[in-house]
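I have placed the structure first, in the form of structure tokens, so that the comments after it can refer back to it.
Computed from the coordinates by the stated procedures, all read-outs in this text should not be read as laboratory data. Fair warning: this is a prediction, and the values are worked out from it, not measured in the lab. Quick reminder, even Gly has a Cβ in these numbers, built from the backbone with ideal geometry, and neighbours come from all protein chains shown.
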Amino acid sequence: LYQAALRKPSLTALCLDFSGSMQGDGEDQLQKAMRFLLTPDEASKVLVQWSPADQIIVIPFDGSVRNTFMASGNPLEQEGLLNEISRQKADGGTNMYACAERALQQITRTDRLSTYLPAIVIMTDGKSDDQSQAFMR
């Protein structure tokens, strides 16, 4: 009842590192983590439960930001996100600052932002190789 009706909906941006250094185990672990997080029967085992009012933004990145994918907490939409994530392959550099900036832009452009609990989660294996760090200014 709390998860579905009482808590404020979440607005979660997930920045996913698909840089070259993630090839192999890192990429496999990231894909596995996303399958766990976006599969309701699995995620509910650790009390992670998306409600239909939640908004999920997935932003894969490497040396630049790739496409942005959005869904609600609806299980069918989460399955669509998983399909998009499964198509991602590790390659290139690591610019997590560009992804964090894109996530912040997406969140701040959200209608009725005050009705959500916003969060940005960056899933990466290391530090960014981008030197600009414009996001930190």
**Expected 222 nm ellipticity per residue - DSSP helices of 4 or more, -39500 (n - 2.57), all of the chain, to 500** = -9000 deg cm²/dmol
**Asked** Which angle between 0 and 90 degrees, to the nearest 10, do you get for helix 75-86 versus the longest principal axis of the chain when only C-alpha atoms count?
**Response** 10 degrees
**Request:** Give the residue from S51, A100, L30 lying farthest towards the positive end of the charge dipole for segment 2-130; charges sit on Cβ (+1 for Lys and Arg, -1 for Asp and Glu) and the dipole is referred to the Cα centre.
**Result:** S51
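Under a Cβ-Cβ cut-off of 15 Å, what is the net charge of the residues other than K45 that fall near it, where Lys and Arg count +1 and Asp and Glu count -1? Please report the intermediate quantities before stating the final value.
Details: positive: K32, R35; negative: D41, E42.
Net local charge, K45 excluded: 0.
Please get the size of the charge dipole for segment 2-130, origin at its Cα centre, with Cβ charges of +1 on Lys and Arg and -1 on Asp and Glu, quoted in debye to the nearest 20. Show your work: numbers first, answer last.
Working: 12 positive and 17 negative charges, 101 e Å.
It works out to roughly 480 debye.
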